[in-house]
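Visitor: Quick one: structure below, then a few questions.
The values are calculated or read from the model by the stated rules, or taken from the named source; none is laboratory data. Bear in mind the structure is a predicted one, so any value in this text is a computation, not a measurement. Neighbour counts are summed over all protein chains in view; Cβ atoms, including those assigned to glycine, are modelled from backbone coordinates with ideal geometry. These area figures cover heavy atoms from the full protein model, side chains too; ligands, DNA and RNA do not enter into them. Shrake-Rupley method; radii C 1.70, N 1.55, O 1.52, S 1.80 Å.
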Protein chains: 2
Amino acid sequence: MPAPRYALRPLPLTAVTIDDAFWNPRLQTNREVTLPAQYAMCRDTGRIAAMAGTWQPGQPQEPHIFWDSDVGKWVEAACHSLATHPDAAFRQQVDDLVGLIAAQQQPDGYLNSHYTLVEPQNRWTNLRDCHELYCAGHLIEAAVAHFQATGDRRLLDVMCRYADYIGQVFGRGPNQRRGYCGHEEIELALIKLHQVTGETRYLELATYFVDERGREPFYFDIEASERRSRGLGEVFPGVWAHGYAYGQAHRPLREQSEVAGHAVRAFYIYSAMVDVAALTGDAGLLAACHRLWRDVTERKMYVTGAVGPSAHNEGFTSAYDLPNESAYAETCANIALLFFAHRLLQVDGDSRYADVMERLLYNGTISGVSLDGTRFFYTNPLASAGAVERQDWFGCACCPPNLARLLASLGSYAYSASERRLWVHLYLGGQARFAMGSTAVLLEQRTDYPWSGRIDLAIDLPVPRAFDLMLRLPGWCHRHRLQVNGESQEAPIVKGYLKVHRRWQAGDRVRLVLDMPVERVAAHPRVIANAGRLALQRGPVVYCLEQIDNQAPVRSLAIADADKVQPRWAGDLLGGVMVLHGAALAEPEEAWSGSLYRSGRPDRCQRVPFVAVPYATWNNRGPGEMAVWVRRA
Amino acid sequence: MPAPRYALRPLPLTAVTIDDAFWNPRLQTNREVTLPAQYAMCRDTGRIAAMAGTWQPGQPQEPHIFWDSDVGKWVEAACHSLATHPDAAFRQQVDDLVGLIAAQQQPDGYLNSHYTLVEPQNRWTNLRDCHELYCAGHLIEAAVAHFQATGDRRLLDVMCRYADYIGQVFGRGPNQRRGYCGHEEIELALIKLHQVTGETRYLELATYFVDERGREPFYFDIEASERRSRGLGEVFPGVWAHGYAYGQAHRPLREQSEVAGHAVRAFYIYSAMVDVAALTGDAGLLAACHRLWRDVTERKMYVTGAVGPSAHNEGFTSAYDLPNESAYAETCANIALLFFAHRLLQVDGDSRYADVMERLLYNGTISGVSLDGTRFFYTNPLASAGAVERQDWFGCACCPPNLARLLASLGSYAYSASERRLWVHLYLGGQARFAMGSTAVLLEQRTDYPWSGRIDLAIDLPVPRAFDLMLRLPGWCHRHRLQVNGESQEAPIVKGYLKVHRRWQAGDRVRLVLDMPVERVAAHPRVIANAGRLALQRGPVVYCLEQIDNQAPVRSLAIADADKVQPRWAGDLLGGVMVLHGAALAEPEEAWSGSLYRSGRPDRCQRVPFVAVPYATWNNRGPGEMAVWVRRA
C-alpha cells in the first residue's frame, strides 16, 4: 500500500465562478443579508467590543469563552465572500476587525479576549472545557482566508505569532505542556496555516495534537488535578460528566473505530486526521479515518446527511439510533462531516465521499438557514409536531457563521484536479479555471440541477490538450447517458466517476444526463424510528411533508407502494422548487375524541392528495408539523 | 354541584388479606428479599449513619439532601409489611431506626440529617432545590405507617413536633415565610398526619402549601434573592433552568389544566390537591384535578400507565409526545399517578380511575423491579435496542423503596366502602373484612386474574344484610357474565361498576366472568411514535416482544391484521405467565450489509413465529431488544 497523500487537489475558491439558478439566490442572500446581519449580531451582543478589548470587569456582556470563534468564523466567511465578490465597504469592515484582533494580541503572542479581559491569571488552566485553542483555531482559519482573499499578511502574521507561541507552550519537550483542546479545531486550522505559509512547524504542531490526544495518563486529569491544587473550581462539571469520549479523547485517535462523543468535535478532528495522514504519509492514521467514515455513513447518518442524534451530548449514541423528532443533528456537525468527506475525497478520489458532500449540501446543511438568510436552525430534526422554528441567533452562536462560511466558499468544493485529470464533484452552473500542465482550461457548466439531471459542459482552452474529465455518477443515479459533441459515448467508471478521456479542443461539449426519478428510500431495519417508513428523494434532494401543503395531518399519512409519486415544478413556491405529489392514505382522528388508546378494528383510511417539498426549505412559511419519513401503507 | 368529599373510603391495609397466585410471590419477595436488600443498601451507602448523626465533616459519605427520604420510604414500606406480616426481628430493626430518627430531632423540632450535620447555618435557604420539606414529608409518611402498623406513637409524636415547627416557620402570618417545597411531597404527608391524628392544623398547613404554590411574587425568586444577598451560591442551577413549571409553581395550582414539569412532583401535588379539595369541600380545586386527570390520561400516558416521557426534565413535554425507546417514565412517577388515581377514585367512585390504577399495577409500576426483587428500573422505556438493564441501586435512590412501599401496601388499593356499598376495584385472591352498619362482613375472592377473567366471590356475615356489591367492569372488557349463587343475573352499571344489590346472606356466591381476548391496541394518531403500530394486551396485561423469545430481530417484526394471536400458559417461564404467540412478518437484514439507506423495491418479508411476554416481566433473562409497539403489517 503506498503511503497516503492527496491524490487530487481542490480547485481554489477563486478559480470557480458560480452562476446557477439554485445557488445564486442563496449565495446572494448569504452575502447581502446573512453576513451583515451576523456582523450586527456580533456587535450588538458585545462580541466585537470584546475583540476591541474595551470591556471592563463589572460591565454587562462579559466576554464569553466562545466569542472569539464567532468573530473568527464571521471574518472567515466575509473573506471567502470578498474572494469572489470584491466590495470596498465590506473590505473596510473586515480590515477594521482585523485591526482589532491584531491589537488584542499580547506581547508574548497570546490572543484570547475572554482570558485576557476576564481572567488573565487562568490562561491554559482548563483546555478541557474552555475552548481556548478552539478559538485560536477559528482565528487562524480567519487569517488564512483573509490572506487568500486579500493578499494582506497582517492577520496571518498575527496568527503565526500566536501559533508559534502555542507551539512553545504545548508539546513533548521539557517545560512544555502535553495538552490538547477539549473542543478540537486548532488541528485543522494549523494544517491550513501550514499549507498557506509552507511552514512545517505548523504541520508538526497539528500532528502533535492529533497524536497526543487520548494517550494515558489523560491530560484532562492532570490539568484537573492542577486546578484543584490551585483552588480553581470547575466551570462546566456537567459537560465534563460526558467523559473523555465527549471530546474523542478516550483513547488514541489512530486506534478509534467508532464515531463517538460531541459530533462537531468529532468531525473537526477526523478532518485534521485525514490531513495529517496525507501530509505525513501515515497509513495507520488514514486507516482509522476510513473506519470512522464507514461507521458514520453505514450506521449513524441521517438521510439528510445530518449527524449526532442526541441533545444530551450534542453527539453520538449507538449504531442505528436515529430518532427523527428528537434528532439533534447540529448544523455545525453536518458541516463538519462535509469537511471530513471533502478531505477524504482528495485522498481517495472516490465518489462516495462526494455523494455525502452533496447529500449534506442540498439537505442537512442548508436546512440550517431560512431562505431569507436571517433565521437559523441549530438542530435539524427530521420530524416536528409543530413547535420547531428557526431562531435569529443563539447564545452559543456557532452554527450561523459556520453556515455563512460554508456558503461563501461553496465553489471550493465543486472541483478537484490532478496532473492529468479534472474531477467534477458537484453539478452547478458556472465556470472553473484550471491548468493542465501549461495549458489554462476553462470549463463551463450549465444545468438546472438539482431539479434536472441534465448537465452541459463546454470546454475552452488555447491549444488542444489530452486529459481525463472525471464526472461524478451520483450514488442515487441508476441510469445515465453521456454525449460528447452530440454523440453518445460510453466511458469507463473509475471510483464512481465517468472517466471521459480525450484530447480536448476549444468548443468541445459534453452532455451528461442523469436519470432522476422519484425514489422511495428505506432505512436499514435496525433504524427502529424508520421501520415501515419511506423517505422521498429525487436526485440529491430529500423531501419532507409540511402541514401547510397538506389537508390531512402529516402524521396521519401513509403512502401505498402502488401509488405513483410525481414531480411538479412550483415556480412560485419557496423561491422555485420541484415538489412531489401523489395520493396518500390518511388515518382519521375524529373518532378518537377523548381516548388515547383503543382496541378493535382500525378506522378506515381516507384517500387524500399529498405534497412534499425539499426538506431544506421547511419552516420557511411558519411553524407546523413536518415529517421526512412517512409510513408505507 | 355538591361540595367535594370522599364518596367512598378505602378499606385499610389491615382489613385486606392477599392470597393470590399472581401477587403472592411478588409480595413475598418484596418482604423477604427487597426490603432486607434495601436496608443493606441504606446502611452501606451511609444513609443510616447519616440518620444516626455519626457522620462528621471531612468523612466520606457526606449526608445528601435526599437521604432522609430514602430512609423514610424504607421505614414506611417496612411498616406496611409489619401491618400484614408481623415479624419480631424486623420490628426490632424498624424500631431501632425509629430511635435514630427521634434522636436526630433538634430542640426546636427540626429534623434533617443533611442540614443538621453538613450545613446547619443554611436551614430553609433553598426550598426550591434542596428537598428539605420533601424529606420531612417522607418521614411523616413513615411515622403514620409506623403508628398504624404498631400502635407505637413514638415516631408519630416526633413528626408532629416537626410538623408543628414547620407550621410555625411557613404560612401567611407575620414572621412566617410564604414558602413551599421545590419537590412536593409534604402536602400529601400532612394530609395523612391530619387523618391519623385528627388535628385540623395539619390539614390547614397542607392547604396553605397547595394554595400558596405558584402565586406571585414567586417564592423561589424571593428566596434566590435572599441567597444572593447572603452570598450563598446556587447548588443546582442546571435543575432550576427548567423554570417554575418544573415544580408546578408557574401559576396557582387551581388554575392549572395541563400536567407539566417533573412528573413525580406533579402527581404528588395533584394527589394532595384531591385530598385538600375533598376535605375542605373545594370544588374549584377539584375541577383542576379533573382537568389534569383528563390531560394526562387522554394525552400524556403510556399504554403501560407510565408517565413523563422526557429525561431532560424527568417529566412532561407536549401532548401526544410519547417516544418509546427514550421514554423516561420514572417508576416513582408511575407510582405517583397511581396515588392520584386512587384519591380521585375515592371522591368520584368512577371505574376509570381504578382502570388506570390497574394498568399501572400490572405494567408500569411492577416493571420497576426484577422478579427476584433485587434489581430496579428507574426509567421504564417501552422499547430497547438492547442496552437497558435494571440496576442494583441508584445514587438518587427514590424508586426502589417507593416500589417496596407500594407492594407492601397493595391491599389498601383493592376495596372501598361507603355506608351501603362495598366496591371491588382490584381482582386479586384473598379476603376483605368490612362493616355494613353494625354487621361485620367477610368477602372472599378467588381468581386466576390477570390470566383468567373469572372471579369467584363468597360472602360471609353473621346476619343477613342488604348492601350493594360494586364490581368493577374493567375498561378493557367488552363482554361479561354475572352469576349470583349459580344463576345468571343482570345488574345495572353505575360509573363503571356492576351494582349487585341484595340482602346478602352467609354463603352467598357471586361469579363474574370477564371476557379476556387478546386485544390489538392502537394509539391516537397524534402519537407519532406509534403510528402504524399495535400493542398487544390481554386483560390488564400489556405485552412486549423480547429478543430472547424470538428468532428474528424484534425490530424487524410486523403483525398482519388477519393473523391470529393466541394466549398460551407458560408455567415455567418468568414465574408462570400467559404468553401470546402467533405469526409475524420479518424484514430480512442480510441484504443490507454496508448500506444504511436504499431505494427500490422492499425486500420480501419472511413469515416467522413470534412470542410476546408481559411487559412488566421483561429484562429478567438478561439484556436484549424489546418492543411494546409492533408494526402492523
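Visitor: Exactly one of (1) more than 12 Å from every other protein chain (Cβ to nearest Cβ); (2) crowded, with 23+ Cβ neighbours inside 10 Å is unmet by residue B:485. Its number?
Guide: Failing condition for residue B:485: (2).
Visitor: In addition: Residues of region A:571-584 being surrounded by 14 or more Cβ atoms within 10 Å (Cβ to Cβ) and farther than 11 Å from residue A:611 by Cα, which ones?
Guide: Of everything in region A:571-584, those that are surrounded by 14 or more Cβ atoms within 10 Å (Cβ to Cβ) and farther than 11 Å from residue A:611 by Cα turn out to be A:573, A:574, A:575, A:577.
Visitor: Consider residue B:621 carefully, then state whether it is open to solvent by 60 Å² or more (accessible area, probe 1.4 Å) and either facing another protein chain (nearest Cβ under 10 Å) or not in a strand (DSSP E or B) (or both).
Guide: Taking the combined requirement at face value, the residue satisfies it.
Visitor: Within region B:1-17, count every residue that is part of a strand (DSSP E or B) and buried (at least 21 other Cβ atoms within 10 Å of the Cβ).
Guide: Within region B:1-17, residues that are part of a strand (DSSP E or B) and buried (at least 21 other Cβ atoms within 10 Å of the Cβ) number 2.
Visitor: Within region A:135-174, how many residues turn out to be farther than 12 Å from residue A:111 by Cβ, in a helix (DSSP H, G or I) and either hydrophobic (A, V, I, L, M, F, W, C) or not assigned by TED's automatic domain parsing to the domain that holds residue A:199 (or both)?
Guide: The qualifying residues number 6.
Visitor: Would you mention how many residues in region A:590-604 are surrounded by fewer than 20 Cβ atoms within 10 Å (Cβ to Cβ) and either among the small types (Gly, Ala, Ser) or at pLDDT 90 or above (or both)?
Guide: 7
Visitor: Right, next: Check region A:144-160 and report whether any residue there is touching a Pro at 6+ places or on another chain (Cβ under 8 Å) and at pLDDT 95 or above.
Guide: Yes; the residues of region A:144-160 include at least one that is touching a Pro at 6+ places or on another chain (Cβ under 8 Å) and at pLDDT 95 or above.
Visitor: Considering only strands (runs of 3 or more DSSP E) fully contained in region B:522-567, which possess at least 2 residues that are at the interface with another protein chain (Cβ under 9 Å from one of its Cβ atoms), out of contact with any Pro (no Cβ under 6 Å at 6 or more places or on another chain) and buried (at least 22 other Cβ atoms within 10 Å of the Cβ)?
Guide: Where strands (runs of 3 or more DSSP E) fall fully within region B:522-567 and carry at least 2 residues being at the interface with another protein chain (Cβ under 9 Å from one of its Cβ atoms), out of contact with any Pro (no Cβ under 6 Å at 6 or more places or on another chain) and buried (at least 22 other Cβ atoms within 10 Å of the Cβ), they are B:533-538.
Visitor: Return yes or no: is residue B:469 more than 30 Å from residue B:327 (Cβ to Cβ) and either crowded, with 18+ Cβ neighbours inside 10 Å or away from every other protein chain (no Cβ under 12 Å) (or both)?
Guide: Yes: the conditions hold for residue B:469.
Visitor: Here are some residues: A:123, A:201. Which one is open to solvent by 20 Å² or more (accessible area, probe 1.4 Å) and over 28 Å from the mean Cα position of the chain (by Cα)?
Guide: A:123
Visitor: Test residue A:224 against the stated conditions and say whether it is out of contact with any Leu (no Cβ under 9 Å at 6 or more places or on another chain), surrounded by 15 or more Cβ atoms within 10 Å (Cβ to Cβ) and outside the structural domain of residue A:329 (by TED's automatic domain parsing).
Guide: In short, yes.
Visitor: Count, please, the residues in region A:323-363 that happen to be charged (D, E, K, R), open to solvent by less than 10 Å² (accessible area, probe 1.4 Å) and assigned to a loop (DSSP other than H, G, I, E, B).
Guide: 1
Visitor: Within region B:497-521, which residues are within 24 Å of residue B:474 (Cα to Cα), open to solvent by 40 Å² or more (accessible area, probe 1.4 Å) and more than 14 Å from chain A (Cβ to nearest Cβ)?
Guide: B:499, B:501, B:502, B:509, B:511, listed by residue number.
Visitor: For region A:214-315, give me every one of the helices (runs of 4 or more DSSP H) that falls completely inside it and has 3 or more residues that are not hydrophobic (A, V, I, L, M, F, W, C).
Guide: A:219-229, A:263-280, A:283-299
Visitor: Scanning region B:85-116 for residues that are over 13 Å from residue B:158 (Cα atoms) and open to solvent by 60 Å² or more (accessible area, probe 1.4 Å), which turns out modelled with the lowest pLDDT?
Guide: Looking at residues that are over 13 Å from residue B:158 (Cα atoms) and open to solvent by 60 Å² or more (accessible area, probe 1.4 Å), I get B:89.
Visitor: Answer yes or no: is there a residue in region A:107-116 that is out of contact with any Leu (no Cβ under 8 Å at 6 or more places or on another chain), closer than 30 Å to residue A:241 by Cα and outside any helix (DSSP H, G or I).
Guide: Checked against the condition, which is being out of contact with any Leu (no Cβ under 8 Å at 6 or more places or on another chain), closer than 30 Å to residue A:241 by Cα and outside any helix (DSSP H, G or I), region A:107-116 yields at least one hit.
Visitor: Taking region B:389-408 as the search range and keeping residues that are in a loop (DSSP other than H, G, I, E, B) and open to solvent by 40 Å² or more (accessible area, probe 1.4 Å), which one is farthest from the other protein chains (Cβ to nearest Cβ)?
Guide: Among those residues, the one meeting the criterion is B:392.
Visitor: Against the condition of a type in the set (D, E, K, R), out of contact with any Ser or Thr (no Cβ under 7 Å at 6 or more places or on another chain) and surrounded by fewer than 19 Cβ atoms within 10 Å (Cβ to Cβ), how does residue A:479 come out, does it pass?
Guide: It is true that residue A:479 is of a type in the set (D, E, K, R), out of contact with any Ser or Thr (no Cβ under 7 Å at 6 or more places or on another chain) and surrounded by fewer than 19 Cβ atoms within 10 Å (Cβ to Cβ).
Visitor: Considering only region B:514-550, how many residues are at pLDDT 95 or above, of a type in the set (S, T, N, Q) and out of contact with any helix residue (DSSP H, G or I) (no Cβ under 6 Å at 6 or more places or on another chain)?
Guide: The total comes to 2.
Visitor: While we're looking at this one, here's another question. Would you mind telling me which numbered condition in (1) open to solvent by 10 Å² or more (accessible area, probe 1.4 Å); (2) farther than 23 Å from residue B:316 by Cα residue B:276 fails?
Guide: (1)
Visitor: Applying the selection to region A:357-393, what residues are hydrophobic (A, V, I, L, M, F, W, C), more than 18 Å from residue A:33 (Cβ to Cβ) and touching a Phe, Trp or Tyr at 6+ places or on another chain (Cβ under 9 Å)?
Guide: Result: A:357, A:361, A:382, A:383, A:385, A:388.
Visitor: When region A:226-271 is examined, which residues are found to be under 27 Å from the mean Cα position of the chain (by Cα) and of a type in the set (Lys, Arg)?
Guide: A:251, A:254, A:265
Visitor: Within region A:420-434, is there a residue that is among the basic types (Lys, Arg), touching a helix residue (DSSP H, G or I) at 6+ places or on another chain (Cβ under 7 Å) and surrounded by fewer than 21 Cβ atoms within 10 Å (Cβ to Cβ)?
Guide: yes
Visitor: While we're on this one: Among what's in region A:135-178 and is under 19 Å from residue A:100 (Cα atoms) and of a type in the set (Ser, Thr, Tyr), pick the residue that is nearest to the chain's Cα centre (by Cα).
Guide: That would be A:150.
Visitor: Which numbered condition trips up residue B:320, out of (1) surrounded by fewer than 24 Cβ atoms within 10 Å (Cβ to Cβ); (2) touching a Lys or Arg at 6+ places or on another chain (Cβ under 7 Å); (3) away from chain A (no Cβ under 14 Å)?
Guide: For residue B:320, the exception is condition (3).
Visitor: Among the residues of region B:293-316, count how many are over 20 Å from residue B:531 (Cβ atoms), within 11 Å of another protein chain (Cβ to nearest Cβ) and not β-branched (Val, Ile, Thr).
Guide: Qualifying residue count for the region: 5.
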